[in-house]
Each structure stands twice: as structure tokens, then as C-alpha cells.
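> Quick one: the structure is below, questions incoming.
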Amino acid sequence: MPNKVVKDINAALEGLEDNMSMAVGGFGICGNPLVLLEGIVGTKVTGLEVYSNNPGTQIDNQHLGLALLFNARQVAKFGGSFIGFNKEFERQFFAGELEVDLIPQGTLAEMMRSGGAGIPAFYTASGVDTARSDGGLPERYSSDGSGTLVQESKPKETREFTFNGKTQKYVLEDSLVTDFSLLRAWKADPEGNLVFRNTAGNFNADAAKCGNITVVEVEHMVESGELEPNDIDVPGIFVDRLLPLTPEQAANKQIERPTYRVKSDNGDERPEDLNIPDKGWSRLQIAERAAQELQDGEYVNLGIGMPTAVANYVPKDIDITLQSENGILKTGPYPLKEEMDPDTINAGKECATILPGGSVFDSSTSFTMIRGGHVNTAILGALEVSQNGDIANWGIPGVKMKGMGGAMDLVKGAQRVIAIMDHVAPDGSSRIRTECTLPLTAKGAIKTVITSLCVFDITEDGLVLKELAPNVSKEDVAENTEAEYTVAEGV
């Protein structure tokens with residue numbers, strides 16, 4: 001019987017050297033190999049090339065997960081989908097200290113899965129007609145403090161395929177094989193069989209398969225034969241080393257965005273809205289209006305930010321299933337405070353619940369649902385939407401580059417995409433534009449736009465104003481809208 005258990009952190013990380021590549025499991029800090037990453041800081045290795053969904057996070061002045069490596073200046077290049085809440089990472093990026101490869105979330109999961117499966121590259125619709133396929137993504141800024149972009153991504157090969165009755169363009173993406181993979185498991189046996197818990201599985205199963213050396217920190221080691229074969233998430237053939245955690249290490253899991261609901265005396269558990277304007281909709285009211293677009297029997301994905309609030313307003317007379325891209329079907333509302341669980345989060349890294357009949361799964365399975373067209377509706381936040389349905393929602397060059405997350409996958413895979421947003425930017429400019437000026441997420445993907453002022457449908461005949469928010473006039477919309485549009489009867 002193979003025994004893959006190592007005695008300490010030094011044995012777990014043996015062979016890790018300067019300039020090596022790593023795939024790291026986790027979604028934010030949920031399922032992140034926190035102990036192994038802390039151990040890497042002690043090795044003093046530098047020049048690492050790291051692939052993970054997020055570059056760790058900062059809570060106050062605390063650096064957690066991968067943020068430890070950036071704080072210690074050990075990473076030369078990062079490939080991931082969402083920058084999240086790591087201010088030091090963003091500072092290093094714009095200061096020219098770090099090379100960054102911004103990757104759609106589903107593409108990153110497939111890069112890991114395919115690399116582990118011996119598939120050198122694959123075609124995907126995600127990122128087509130954007131800077132991901134056409135080139136021009138910011139990769140490195142000047143180190144002289146000028147904010148000048150000195151390195152951009154190069155164009156990728158594209159090709160048309162007719163798939164499932166639809167002819168469209170696809171972009172060729174290289175798969176990923178790394179020197180090391182680091183992950184965290186809830187349970188493992190000495191054979192290397194792994195079990196994850198709730199949403200802590202996320203990228204861990206995919207990362208396990210693409211590393212030449214896969215190292216796992218384990219919360220609960222069990223004897224061979226104790227794990228039910230049907231419950232195993234990753235078979236031991238993919239695992240090389242197991243580092244058992246102490247009970248204190250296993251329990252030391254923080255929550256990135258602690259969120260919970262409070263039961264009121266009248267039984268109303270909706271969020272309290274303290275920002276209702278005299279004219280138009282508040283952000284929570286936009287979410288409530290978006291919920292009215294949902295239809296009975298749908299599978300619905302809610303993007304991070306404003307869209308996650310839609311879950312609080314689903315009409316009681318319809319039955320929908322919320323899909324969370326980090327690995328849940330039947331995502332429920334926020335838990336009560338005493339029910340918060342660091343292993344159960346939604347795509348916004350907020351505390352969540354899983355409703356009866358729900359299921360959990362790894363990231364590549366989640367994006368099989370999304371990219372395979374099994375999600376009926378996606379609701380996404382947006383920075384800009386054009387009159388022909390183009391959407392830009394992931395970054396402002398030189399100012400903020402949060403990354404596209406799963407948006408590039410959702411706009412191509414979901415059957416219907418709704419954008420919800422503020423109608424005007426902080427500088428007073430219109431966000432409903434003739435053409436998007438910010439980096440695109442997709443062309444022609446949006447069918448409905450719900451803003452703080454109104455609701456637009458995007459039809460074959462163009463943008464159509466179909467509803468006004470409370471106390472908003474048609475003149476208000478015209479004054480704040482750059483795009484050309486028509487007005488539906490009765491508005």
C-alpha cells in the first residue's frame with residue numbers, strides 16, 4: 001500500500017525551487033492551502049509563476065492565502081480570473097512589479113483539467129471578439145511610475161466551428177501543466193484519495209490533476225478503507241504528498257466576506273434598504289426588479305456584486321434553481337449568523353446556504369454547466385452596455401483591473417443574459433453607450449438592461465425603452481443616455 005503522508009512542511013515542499021510554476025486550489029481563501037502557502041514564505045523561493053482563481057485576499061492588514069506570497073515578493077507572474085480583494089497585488093501590478101495573465105474563470109478550470117488529461121490545447125467560445133482572443137490585455141506596466149503599459153497579450157488563433165447546430169468563432173487556449181500543484185482537502189487516506197467539503201472543492205480537483213507534483217494539506221486523515229469509494233472526489237493516482245494538519249491548523253479558516261441574514265419580528269428576512277432615492281431605483285431595488293424577469297423552472301446564475309442580491313427577491317410563485325459558479329446548484333440565501341460556514345460560500349465569496357436537493361461540484365463541472373448551455377439565465381453587473389448589446393464589466397485600464405471572473409463564460413454559455421447597473425458613472429457620464437469604451441466582455445450578448453433609471457430590451461431593431469423607474473421621466477432617461485433607442489408604446 002502506498003503511503004503518501006509526509007512528516008512536515010519541509011518534506012511537503014521538497015524540490016520547490018526558484019522560477020517554478022504552481023497551480024493552487026481555492027476560490028478566494030475557501031479551500032485554499034493556507035498552511036502550504038505559509039510554508040512557501042519560509043522557503044524564500046522567488047520568481048514563482050502561479051495559477052489560481054484569485055491571488056489571495058487582505059482582511060484589514062492581514063494577508064491570507066496567496067496574498068502571503070505577493071506580500072513577500074515571491075511571485076513573478078500570476079495567471080487567474082479575478083483579482084478580488086488583494087490591494088497589494090493590484091499595487092504591484094500597476095507599479096510594473098508583476099506580470100499578469102487575466103484568464104476567464106471557466107477557461108482557467110479547463111486549462112487545468114485538460115492539462116491533467118494530456119490535452120495540449122482546446123477551443124472555446126469564451127473570450128472571442130475580446131482582448132482575450134484579439135490581443136491587447138494588459139500584462140505588465142512600466143516600473144517607472146508613469147502607469148505606461150509596456151506589455152500586452154498577443155492575439156490567439158481562432159477558428160469557426162459548427163457545434164450543436166450553431167456556427168460561431170472559437171479561440172484556441174493552451175492547457176496548463178505545472179511543476180507543483182497545491183491544494184487542501186477535508187479528508188484523505190494514505191493512498192491519496194481525497195474528499196472535499198461543500199464549496200471548498202472548487203479548483204482543487206482540477207489543480208490536483210495538472211501538477212507534476214501534487215501536494216495536499218489535509219484537515220482529517222483517515223485510514224485506508226475508511227472512505228466510502230462513492231464519496232471520493234479525487235482518486236489517489238493524482239496525489240503525490242499528503243501533509244496532515246493539526247486540529248488547530250484545520251480549524252483556522254477565516255471567512256472572506258462574512259454575510260448573514262437576521263430574522264425580524266414580522267418574519268421579513270429581506271435586506272434593509274437604507275439608500276432608496278427620491279427618483280429611480282436603489283441598487284437593491286434594481287436587484288428586486290431583475291428578479292421579476294426570472295421564469296419558473298429556470299437555472300439561473302447570479303454574478304458577483306449587485307446580482308447576488310437578486311436571490312433575496314425571487315417571486316414566491318416561481319421555482320428556480322440558482323447556480324453558483326464556484327460549485328453549487330440550489331444556492332440558498334445568506335445563513336443566520338450562527339450558521340456561517342467558511343466552507344460554504346457563493347460566487348461573491350459571501351456566506352451562503354445550500355437548499356434541500358442541492359449539490360456541490362468542482363470548477364470544471366460548474367463551467368460545463370455554464371459553457372455547455374445548461375444555464376437558462378445569467379444576471380451580471382456591468383460598467384457599460386452598448387445599444388447593440390455589447391457588455392464591458394471587468395476593468396478600467398490603468399485604474400482598476402478586477403478581472404473577468406466567469407463573465408466571459410456566462411455571456412457565451414447562458415441562453416439569456418441580463419445586465420443590471422447604475423445608469424451613470426461616478427463622473428456623470430452615461431453607461432448606456434453607442435459603443436463601449438472599456439475592454440469588452442462580449443459582443444451582442446445582452447438581451448435586457450435594468451438600470452437605476454429604467455429598463456431596456458435589446459432587440460433586432462435596437463435598444464427599446466420599456467419601463468421607467470419610479471418618478472423618472474422619459475426626459476431624464478434621454479438626458480442621461482448616450483445610446484440611440486426607441487420608446488415602447490405605453491411608456
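> Find the residue count for the stretch 226-245, including only residues that are acidic (D, E) and either under 17 Å from R184 (Cα atoms) or part of a helix (DSSP H, G or I) (or both). Write out each step before concluding.
To start, the set of residues in the stretch 226-245 that are acidic (D, E) comprises 226, 228, 231, 233, 240.
From what's left, either under 17 Å from R184 (Cα atoms) or part of a helix (DSSP H, G or I) (or both): 231, 233, 240.
Selection size over the stretch 226-245: 3.
> Can you tell me how many residues within the stretch 39-71 are exposed (fewer than 15 other Cβ atoms within 10 Å of the Cβ), touching a helix residue (DSSP H, G or I) at 6+ places or on another chain (Cβ under 7 Å) and over 20 Å from R184 (Cα atoms)?
Adding up the residues that qualify gives 0.
> Here's another thing I want to ask about it. Tell me yes or no: at least one residue of the stretch 160-183 is over 30 Å from A125 (Cα atoms) and part of a strand (DSSP E or B). Full working, then the answer.
Step one: list which residues in the stretch 160-183 are over 30 Å from A125 (Cα atoms), which gives none.
Scanning the stretch 160-183 turns up no residue that is over 30 Å from A125 (Cα atoms) and part of a strand (DSSP E or B).
> Could you please tell me which pairs satisfy a Cβ distance under 9 Å, a separation of 6+ or placement on different chains, a first residue in the stretch 182-201 that is touching a residue at least 60 places away in the same chain (Cβ under 8 Å) and among the small types (G, A, S), and a second residue that is open to solvent by less than 30 Å² (accessible area, probe 1.4 Å) and part of a helix (DSSP H, G or I)?
Between residues of the stretch 182-201 that are touching a residue at least 60 places away in the same chain (Cβ under 8 Å) and among the small types (G, A, S) and residues that are open to solvent by less than 30 Å² (accessible area, probe 1.4 Å) and part of a helix (DSSP H, G or I), the close pairs are G192/G236; G201/S363.
> For the stretch 279-318: of the residues being among the hydrophobic types (A, V, I, L, M, F, W, C), touching a Lys or Arg at 6+ places or on another chain (Cβ under 9 Å) and outside any loop (DSSP other than H, G, I, E, B), which is most open to solvent (accessible area, probe 1.4 Å)? Talk me through it step by step, then tell me what you get.
Within the stretch 279-318, the first condition is being among the hydrophobic types (A, V, I, L, M, F, W, C), and the residues that meet it are 281, 284, 286-287, 290-291, 294, 300, 302, 304, 306, 309-311, 314, 318.
Add one more test, that the residue is touching a Lys or Arg at 6+ places or on another chain (Cβ under 9 Å), and what stays is 281, 284, 304, 306, 309.
Still in the running and outside any loop (DSSP other than H, G, I, E, B): 284, 306, 309.
Values: L284: 38, M306: 21, A309: 14 Å².
Only one residue fits best here, namely L284.
> For R113, indicate whether it is open to solvent by 40 Å² or more (accessible area, probe 1.4 Å) and modelled with pLDDT of 95 or more. Outline the logic, then answer.
Numbers: open to solvent by 40 Å² or more (accessible area, probe 1.4 Å): yes; modelled with pLDDT of 95 or more: yes.
Answer is yes for this residue.
> A further question follows. Pick from E248, E223, E219: which is assigned to a strand (DSSP E or B), open to solvent by 10 Å² or more (accessible area, probe 1.4 Å), free of Cβ contacts under 8 Å to residues at least 60 places away in the same chain and not aromatic (F, W, Y)? I'd like the intermediate steps shown before the answer.
On the way: E248 fails: assigned to a strand (DSSP E or B); E223 fails: assigned to a strand (DSSP E or B).
When all the criteria are applied, what remains is E219.
Matching residues to (1) open to solvent by 60 Å² or more (accessible area, probe 1.4 Å); (2) not in a loop (DSSP other than H, G, I, E, B):
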site: C436; (1), (2): no, no
site: P439; (1), (2): no, no
site: I446; (1), (2): no, no
site: I458; (1), (2): no, yes
site: V464; (1), (2): no, yes
site: N471; (1), (2): yes, no
site: V477; (1), (2): no, yes
site: T481; (1), (2): no, no
site: E484; (1), (2): yes, no
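> Also: Does K400 qualify as being in contact (Cβ under 8 Å) with a residue 12 or more places away in the chain, touching an Asp or Glu at 6+ places or on another chain (Cβ under 6 Å) and not hydrophobic (A, V, I, L, M, F, W, C)?
Details: in contact (Cβ under 8 Å) with a residue 12 or more places away in the chain: yes; touching an Asp or Glu at 6+ places or on another chain (Cβ under 6 Å): no; not hydrophobic (A, V, I, L, M, F, W, C): yes.
Judged against the criteria, K400 is not a match.
> Kindly provide the set of residues from the stretch 22-37 that are in contact with a Gly (Cβ under 9 Å, 6 or more places away or on another chain) and open to solvent by 20 Å² or more (accessible area, probe 1.4 Å), ordered by number. Can you show your working first?
Of the stretch 22-37, the ones in contact with a Gly (Cβ under 9 Å, 6 or more places away or on another chain) are 22-29, 31-34, 37.
Matches in the stretch 22-37: L34 only.
The values are calculated or read from the model by the stated rules, or taken from the named source; none is laboratory data. On a predicted model such as this, the values are computed, not experimentally measured, just so you know. Cβ sites come from the backbone with ideal geometry, for glycine too, and all protein chains shown count toward neighbours. Note: accessible area is taken over every heavy atom of the protein model, side chains too, but ligands, DNA and RNA are not part of it. Shrake-Rupley method; radii C 1.70, N 1.55, O 1.52, S 1.80 Å.
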